[in-house]
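Novice: Below: one structure in structure tokens.
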Amino acid sequence: SAVISQKPSRDICQRGTSLTIQCQVDSQVTMMFWYRQQPGQSLTLIATANQGSEATYESGFVIDKFPISRPNLTFSTLTVSNMSPEDSSIYLCSVEDWNSSYEQYFGPGTRLTVT
Amino acid sequence: QKEVEQNSGPLSVPEGAIASLNCTYSDRGSQSFFWYRQYSGKSPELIMFIYSNGDKEDGRFTAQLNKASQYVSLLIRDSQPSDSATYLCAVRKYGNKLVFGAGTILRVKS
């Protein structure tokens, strides 16, 4: 499976600021996704990162709050904007390659704490 | 009704026993189903997926799917303390996105 890295691995940020999380894959992949896992909860999909076009957001998530870029087939960023303590979560990118039986793999995650 | 439901547990089994983890889903049109294992403080790790009715075996793990009952399960044979984790059931939806259940905590006691 693809090797996925995320930066930063964790951060503590002040409310009102923004943080950009990077997801890098060691090979080209078809699909990239961003998930959020709030404390003690399961995973919720934020959006599908589309290469060369605007991301597709799930209900309850908007581009102004979570802008996403995907400039190529190995890299994506998620920005958490104007942060509040409610944004404290683990943010995970996942990738799927249609050449690999549609299996979806997760990066190590970014643990964000907003104070 | 949640799209994917799991018993939160914890499910406690003795070492060497079979652990049975269950999941139900609401969308009858769902086609493929995934089991992930998540250790505390780590990201989810794919165990296996299944898309045909019946059983699929991989080592100590067996996934079982019954589309008529909208039910998918994961059996772990010869459970080990290292299997203690949260097990997440996920259903693939349109656009290849996954919808996750809340997860079942498994504790294997030595």
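Novice: If I filter the range A:61-80 down to residues being within 14 Å of A:Ile46 (Cα to Cα) and in contact (Cβ under 8 Å) with a residue 40 or more places away in the chain, which single residue comes out as farthest from the other protein chains (Cβ to nearest Cβ)?
Specialist: Across the range A:61-80, the extreme among qualifying residues is A:Thr79.
Novice: Considering only residues of the range B:1-33 that are part of a loop (DSSP other than H, G, I, E, B) and closer than 21 Å to A:Gly40 by Cα, which is modelled with the highest pLDDT?
Specialist: B:Pro10
Novice: In the range B:47-66, which residue that is part of a loop (DSSP other than H, G, I, E, B) and not hydroxyl-bearing (Ser, Thr, Tyr) is nearest to the chain's Cα centre (by Cα)? Before the answer, list the steps.
Specialist: Looking only at the range B:47-66, we keep the residues that are part of a loop (DSSP other than H, G, I, E, B), and these are B:51-53, B:59-60.
Subsequent filtering for residues that are not hydroxyl-bearing (Ser, Thr, Tyr) retains B:53, B:59-60.
Values: B:Asn53: 15, B:Gly59: 15, B:Arg60: 13 Å.
Only one residue fits best here, namely B:Arg60.
Novice: Let me ask something additional. I need the full set of residues from the range B:70-91 which are surrounded by fewer than 20 Cβ atoms within 10 Å (Cβ to Cβ) and in contact (Cβ under 8 Å) with a residue 40 or more places away in the chain, in order please.
Specialist: B:Gln70, B:Tyr71, B:Ser73, B:Leu75, B:Arg77, B:Asp78, B:Gln80, B:Pro81, B:Asp83
Novice: For the range B:78-98, give me the residue count where each residue is modelled with pLDDT of 95 or more and within 14 Å of chain A (Cβ to nearest Cβ).
Specialist: 7
Novice: Please verify whether the range A:65-74 includes one or more residues that are of a type in the set (D, E, K, R) and surrounded by 14 or more Cβ atoms within 10 Å (Cβ to Cβ).
Specialist: Yes, there is a match, as at least one residue in the range A:65-74 is of a type in the set (D, E, K, R) and surrounded by 14 or more Cβ atoms within 10 Å (Cβ to Cβ).
Novice: Taking the stated definitions as given, is B:Leu75 part of a strand (DSSP E or B), at pLDDT 95 or above and more than 14 Å from chain A (Cβ to nearest Cβ)?
Specialist: Against the criterion (part of a strand (DSSP E or B), at pLDDT 95 or above and more than 14 Å from chain A (Cβ to nearest Cβ)), B:Leu75 qualifies.
Novice: Looking only at residues in the range A:83-107 that are surrounded by fewer than 16 Cβ atoms within 10 Å (Cβ to Cβ) and over 18 Å from B:Lys93 (Cα atoms), which one is nearest to the other protein chains (Cβ to nearest Cβ)?
Specialist: This residue is A:Asn99.
Novice: Would the range B:35-47 turn up any residue that is in contact with a Pro (Cβ under 9 Å, 6 or more places away or on another chain), open to solvent by 40 Å² or more (accessible area, probe 1.4 Å) and closer than 21 Å to A:Tyr105 by Cβ? Explain how you work it out, then say what you get.
Specialist: First, the residues of the range B:35-47 that are in contact with a Pro (Cβ under 9 Å, 6 or more places away or on another chain): B:36-38, B:42-43.
Next cut, open to solvent by 40 Å² or more (accessible area, probe 1.4 Å) only: B:42.
From what's left, closer than 21 Å to A:Tyr105 by Cβ: B:42.
So far as the range B:35-47 goes, yes, one or more of its residues are in contact with a Pro (Cβ under 9 Å, 6 or more places away or on another chain), open to solvent by 40 Å² or more (accessible area, probe 1.4 Å) and closer than 21 Å to A:Tyr105 by Cβ.
The values are calculated or read from the model by the stated rules, or taken from the named source; none is laboratory data. This structure is a prediction, so every number in the text was calculated from the model and none was measured. Note that we place each Cβ from the backbone using ideal geometry, even for glycine, and neighbour counts take in every protein chain shown. Calculation scope for accessible area: heavy atoms of the full protein, side chains included, ligands and nucleic acids excluded. Shrake-Rupley method; radii C 1.70, N 1.55, O 1.52, S 1.80 Å.
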